[in-house]
1. Check off (1) outside any strand (DSSP E or B); (2) hydroxyl-bearing (Ser, Thr, Tyr); (3) modelled with pLDDT of 95 or more for residue 39 and give me the number that stays unchecked.
2. Could you list, in sequence order, the residues of region 48-73 that are crowded, with 16+ Cβ neighbours inside 10 Å and among the small types (Gly, Ala, Ser)?
3. Can you name the condition, by its number, that residue 202 falls short on among (1) touching a residue at least 40 places away in the same chain (Cβ under 8 Å); (2) within 20 Å of residue 41 (Cα to Cα)?
4. In region 15-72, which residues are of a type in the set (Asp, Glu) and on the phi > 0 side of the Ramachandran plot?
5. Please work out which one of (1) within 16 Å of ligand 1 (Cβ to nearest atom); (2) assigned to a strand (DSSP E or B) is the condition residue 81 fails and give its number.
6. Residue 45 versus (1) at pLDDT below 95; (2) under 26 Å from residue 100 (Cα atoms); (3) crowded, with 20+ Cβ neighbours inside 10 Å: which is the lone unmet condition?
7. Between 10, 5, which is closer than 24 Å to residue 189 by Cα and of a type outside the set (Phe, Trp, Tyr)?
8. Looking only at region 33-43, which residues are more than 7 Å from ligand 1 (Cβ to nearest atom) and in contact with a Lys or Arg (Cβ under 6 Å, 6 or more places away or on another chain)?
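The values are calculated or read from the model by the stated rules, or taken from the named source; none is laboratory data. Bear in mind the structure is a predicted one, so any value in this text is a computation, not a measurement. Virtual Cβ from ideal backbone geometry, glycine too; neighbours counted across all protein chains shown.
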Amino acid sequence: MPAVTFDDVTKIYGEDTVALRDIDIEIEEGEFVILLGPSGAGKSTFLRVLNGLTQPTEGEVAIQGQSATSAREDVGMVFQEHYLIESMSAFQNALTGALSRNGLLRSFLTWHSEADKETALEALDTVGLLHESGQRAGSMSGGQKQRVGIARALVQQPNLLLADEPVASLDPKAARDVMSYMKQAASERDLTAVTSLHQVNIAREFGDTFLGVRDGEVVFQGTREDLTMDV
Ligand code: ADP
Ligand code: ADP
């Protein structure tokens, strides 16, 4: 079974803003997929229908055969603006990833189990921040913050890792650093990953497969060898 299936997916905002148009694709388990395309092409919307934050207007999005809206705990998400709580440590931020798995009520009633804490430390280790786990997020560099964001998504123990322009605000060195941690995390944990990126040269270094999106349509799906600079 594919990790992700889009079956004739169309998303229209308001009356007539077509963000996704008749998308019919499959993503295989364990693939590291990079979404490429100009601003406004529909990349964020593609990720939002995958994490169940937005419903398609038509068609079905499935994650391992289950509708995307009911598979939300299986999806971890990394954001361009990372959305860390700056006053909390890297460890405490990573731990908040357990909230979506445990449910808010249980989390508030019992706080975190030792197992959750262990999971958070392992996730920080995966992104190379075990020794910085006590550091306040607000005092970290942009690249470190983004790695904490990845750790938080990993604590959720997802099958699918999504990232919306995770390195857009970083310099090229930090961007490569973050991408290589994300790639390594996905590979160690057998995750399927879908990341939007606008830097084609960085995409080329890290992607296994590529989806080119333009005007809401997938205009390209292929491997690194198939990738030209003009998608
Ligand atoms: P990208 O991530 O590639 O920049 P988006 O998915 O954000 O593309 O946007 C695709 C299209 O949908 C654009 O025309 C954008 O203006 C529009 N759009 C995105 N989100 C919304 C929204 N919440 N309401 C209305 N239009 C939206
Ligand atoms: P932000 O853009 O900072 O996320 P919001 O929280 O108000 O601001 O989210 C509005 C969402 O709508 C954003 O995700 C943005 O991508 C999307 N959007 C994009 N284009 C449009 C548009 N033309 N009209 C309305 N919303 C849009």
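1. Only one criterion is unmet by residue 39, namely (3).
2. Matches in region 48-73: 52, 59, 62, 68, 71.
3. (1)
4. The first filter runs over region 15-72 and keeps only residues of a type in the set (Asp, Glu), leaving 15-16, 22, 24, 26, 28-29, 31, 58, 60.
Correct list: 22 only.
5. (2)
6. The single condition residue 45 does not satisfy is (1).
7. Values: 10 fails: closer than 24 Å to residue 189 by Cα.
Answer to the check: 5.
8. 35
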